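Here the structure comes first, spelled out in structure tokens, and everything after it is commentary.
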């Protein structure tokens, strides 16, 4: 948690990153930037999914609809915050010449997406049966 | 018969790929903003709907400004400087704010 707070400070203080270590090959920085953008697109897709659930499933019961939409939106927020945090950590690790940080976030996100997908299948099948 | 590559071009086209990644992300942001506008103005024009729609358009414009700034830096040629944390944070905060608008609309 203290690490996280220090990283948040780094989001807003570019000069503190560039004071540390040596500037890495610009191609590594650009690759890190593309990874960040890919995570940001994932976050935007989750947010778009939240809007879509709210808009295009009007027959769903209110609690289910709002719950599903809010879950997708929360996942999108988490994903985007994690994107910038991971980007800062990778950038700093490259400057210091350390190993890149490992993360269990991709595994957690894929499990969450799998659970949502299974829930969707169940809802659709239950709609057919009922 | 191998031609030497142009001296100031990266053979892996890294700046170009990064520029296109920004384009794709801007496109995703546009899709989210359009869905937000549709949700905000759905079911009649109300004051709060218009306010949220305007807010989402402003957020989209802010994202577009960041992306445009970065794209013009990447196309300027030479060795591109790394992305600054301020730009990254601005892009992320626009995304988060759009999610907050969505949560208000859904609720």
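For residue B:95, the conditions (1) assigned to a helix (DSSP H, G or I); (2) more than 7 Å from every other protein chain (Cβ to nearest Cβ) all hold with the exception of (2). Checking each residue of the range A:39-57 against the condition of being buried (at least 17 other Cβ atoms within 10 Å of the Cβ), more than 11 Å from every other protein chain (Cβ to nearest Cβ) and assigned to a helix (DSSP H, G or I) gives no match. Residues of the range A:58-74 that are buried (at least 17 other Cβ atoms within 10 Å of the Cβ) and facing another protein chain (nearest Cβ under 7 Å): A:69, A:70, A:73.
Every condition in (1) without any contact (Cβ under 8 Å) to a residue 24 or more places away in the chain; (2) within 21 Å of the chain's Cα centre (by Cα); (3) surrounded by 12 or more Cβ atoms within 10 Å (Cβ to Cβ) is met by residue A:118 except one, and the failing one is (3).
For the range B:47-63, what are the residues that are under 15 Å from the mean Cα position of the chain (by Cα) and within 13 Å of another protein chain (Cβ to nearest Cβ)? If the condition is that a residue be under 15 Å from the mean Cα position of the chain (by Cα) and within 13 Å of another protein chain (Cβ to nearest Cβ), then B:56, B:59, B:60, B:63 are the ones that fit.
Quick check: is even one residue across the range A:75-96 within 28 Å of residue A:29 (Cβ to Cβ) and more than 14 Å from chain B (Cβ to nearest Cβ)? Outline the logic, then answer.
Here is the first cut: in the range A:75-96, the ones within 28 Å of residue A:29 (Cβ to Cβ) are A:75-96.
This time we only want the ones that are more than 14 Å from chain B (Cβ to nearest Cβ), so: A:96.
Taking every residue of the range A:75-96 in turn, at least one turns out to be within 28 Å of residue A:29 (Cβ to Cβ) and more than 14 Å from chain B (Cβ to nearest Cβ).
Taking the conditions exactly as written (buried (at least 21 other Cβ atoms within 10 Å of the Cβ) and modelled with pLDDT of 90 or more), does residue B:94 satisfy them or not? In short, yes. Selection within the range B:74-91: residues that are surrounded by fewer than 16 Cβ atoms within 10 Å (Cβ to Cβ) and free of Cβ contacts under 8 Å to residues at least 40 places away in the same chain. The member of this set that is farthest from the other protein chains (Cβ to nearest Cβ) is B:76.
Being under 26 Å from residue A:55 (Cβ atoms), within 14 Å of the chain's Cα centre (by Cα) and more than 7 Å from chain A (Cβ to nearest Cβ) is the requirement here; does residue B:26 meet it?
Values: under 26 Å from residue A:55 (Cβ atoms): yes; within 14 Å of the chain's Cα centre (by Cα): yes; more than 7 Å from chain A (Cβ to nearest Cβ): yes.
Yes: the conditions hold for residue B:26.
In the range A:94-102, is there at least one residue being within 18 Å of residue B:99 (Cβ to Cβ) and surrounded by fewer than 17 Cβ atoms within 10 Å (Cβ to Cβ)? Looking for residues that are within 18 Å of residue B:99 (Cβ to Cβ) and surrounded by fewer than 17 Cβ atoms within 10 Å (Cβ to Cβ), one finds none in the range A:94-102, hence no.
The values are calculated or read from the model by the stated rules, or taken from the named source; none is laboratory data. Keep in mind that what you see is a predicted model, and the values were worked out from it rather than measured. In this analysis, Cβ positions are derived from the backbone assuming ideal geometry, glycine residues included, and neighbour counts consider all displayed protein chains.
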